[in-house]
Amino acid sequence: MKQEHAGALLNLSDPMTFSHRVLLAELALKHRLPMMSGVTEYTEAGGLASYWPNTSDTFRNAAVYVHRILNGARPSDLPIEQPRKFELVINVKTAKSIGVTIPVAVLARADKLIE
């Protein structure tokens with residue numbers, strides 16, 4: 001990415017990158033690349049920000065589906081639902097380290113700030 005002069009890193013979570021999230025965050029910091037990802041763990045590891053469906057809410061909705069099926073509903077009759085709640089997590093410490101200014105309006109909308 002450095003050779004190609006990347007301006008940022010968008011990391012989509014998968015098992016391979018998840019297991020190396022700390023290393024990815026360290027490399028992004030070292031090369032001053034803002035790293036945006038899906039799940040919060042990348043931001044907690046040092047990435048700049050993450051935006052992803054709330055996992056607890058998603059699992060609760062899945063439990064409702066299981067309950068309906070166990071009570072006789074046919075899976076093909078159940079509607080497809082999209083996640084209802086998303087979480088925005090911003091690592092303020094990382095933003096300062098790489099010289100990125102996060103607008104106050106965005107910080108105010110964040111569900112969690114890591115300082």
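List of remarks:
- Within region 1-26, tally of residues that are within 24 Å of V92 (Cβ to Cβ) and of a type in the set (D, E): 1
- Contacts under 7 angstrom Cβ, first residue in region 19-32 being charged (D, E, K, R), partner assigned to a helix (DSSP H, G or I), 6 or more apart: R21/E41; R21/Y42; R32/I98
- Of everything in region 44-74 that is under 28 Å from V106 (Cα atoms) and among the β-branched types (V, I, T), the residue that is surrounded by the most Cβ atoms within 10 Å (Cβ to Cβ) is T58.
- Sole residue being surrounded by 10 or more Cβ atoms within 10 Å (Cβ to Cβ) and not in a helix (DSSP H, G or I), chosen from I80, I102: I102
- Filter result (more than 10 Å from G47 (Cα to Cα) and among the basic types (K, R)) within region 1-36: K2, K30, R32
- Meets criteria (assigned to a helix (DSSP H, G or I), at pLDDT 90 or above and touching a Ser or Thr at 6+ places or on another chain (Cβ under 8 Å)) for L10: no
- Residue within region 104-112 that is in contact with a strand residue (DSSP E or B) (Cβ under 6 Å, 6 or more places away or on another chain) and either within 30 Å of H5 (Cβ to Cβ) or of a type in the set (A, V, I, L, M, F, W, C) (or both) present: yes
- Total residues in region 34-58, condition assigned to a strand (DSSP E or B) and in contact with a helix residue (DSSP H, G or I) (Cβ under 9 Å, 6 or more places away or on another chain): 6
The values are calculated or read from the model by the stated rules, or taken from the named source; none is laboratory data. None of the values given here were measured: they were computed from a predicted structure. Backbone-built Cβ (ideal geometry, glycine too); neighbour counts: all protein chains shown.
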